[in-house]
1. Name the residues in the stretch 111-125 that are part of a helix (DSSP H, G or I) and either more than 26 Å from S179 (Cα to Cα) or open to solvent by 20 Å² or more (accessible area, probe 1.4 Å) (or both), would you?
2. Just to be sure I understand, how many residues within the stretch 205-227 are at pLDDT 95 or above and either acidic (D, E) or under 13 Å from T270 (Cβ atoms) (or both)?
3. Can you tell me which residue among E160, E176, E136 is at pLDDT below 95 and among the acidic types (D, E)?
4. Being touching a Leu at 6+ places or on another chain (Cβ under 9 Å), farther than 30 Å from K196 by Cα and either surrounded by 18 or more Cβ atoms within 10 Å (Cβ to Cβ) or not small (G, A, S) (or both), is that true of even one residue in the stretch 262-271?
Amino acid sequence: TYETEILCGLDEAARELGSFIVPRRTLGQIENEKQAIMDLVELGVEGLIIFPAQGENLNEEILKLVIEKFPIVLIDRHIKGLSTTSISTDNSRATTLGVKYLFELGHRNIGLLTPPPELTTAIEERIDGFISAHAEEGIVVDKNLWLTSITSTLPNQLNEENIRRDINMIKAFLQENTSITALFAIEYHIAVLAKKAAEELGYKIPSDLSIICFDGPTLQLAESFSFTHLKQNEKQMGKRAVEMVMELSQGKKVNSITLLEANMKIGNSTSKVQ
């Protein structure tokens, strides 16, 4: 739903500005991303809005666009060391907000669940926010309570075998770290894996273990389970990205990095320490 809301914002803004979007899906694969960029530039588009593939390797096609000063806006993340225009959530501040909420509930031993942090700047920023929240409250960060090798939620990794592997890994992690009373999941689907793992161990959510994450389903029935989460302003992100790329195409100056605030949505996955 995160990407869907971004697309809705892109479409609405394009229609309002009398323009239109030519979409290309890359499925999170850098080779697809390179080809899409070349195809769209050859087609004659006025600018590009790119949700970059995760990974450590720089897409040289993006580098070419930057060197040629082609109108380009990156969504959700930026590329370190490269002067590009980007729009994303203020990930560090949002994570700090979420962790401090857990502190308010009395949690001190908070586990962190994340894919490898070097894959994307958004993950790195959320980890920075996790550390900052502890520092601001004078609480020592225990990196033994971090699980940073979850990969089944990454593009092209979502299959039953990988999901089961990650659930088992989270179960082992919880069994090894019985002091943990709350988990901060970097994204919604990791929170789902964590809930499944905890319940298989006999934990009750939230009385035995609280879970907080980024994002969640747009439609949440009142009687269904909902995670406490940081809600990003995806539609505004999409709309502003269109406005920014149009401004760049007209030779206007645009801030290199634009950050949007996330809001806390309280669900039934968190409670005070028992």
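The values are calculated or read from the model by the stated rules, or taken from the named source; none is laboratory data. Quick caveat, the model's predicted, so the values are computed rather than measured. Don't worry about glycine lacking a Cβ; one is built from the backbone with ideal geometry, like all the others, and counts go over all protein chains shown. Note: accessible area is taken over every heavy atom of the protein model, side chains too, but ligands, DNA and RNA are not part of it. Shrake-Rupley method; radii C 1.70, N 1.55, O 1.52, S 1.80 Å.
1. Taking the stretch 111-125 and keeping what is part of a helix (DSSP H, G or I), we get 117-119, 121-125.
Matches in the stretch 111-125: P117, E118, L119, T121, A122, E124, E125.
2. Restricting attention to the stretch 205-227, the residues satisfying the condition of being at pLDDT 95 or above are 205-214, 227.
Adding the requirement that they be either acidic (D, E) or under 13 Å from T270 (Cβ atoms) (or both) leaves 205-213, 227.
Total satisfying the criteria: 10.
3. E160
4. Within the stretch 262-271, not a single residue is touching a Leu at 6+ places or on another chain (Cβ under 9 Å), farther than 30 Å from K196 by Cα and either surrounded by 18 or more Cβ atoms within 10 Å (Cβ to Cβ) or not small (G, A, S) (or both).
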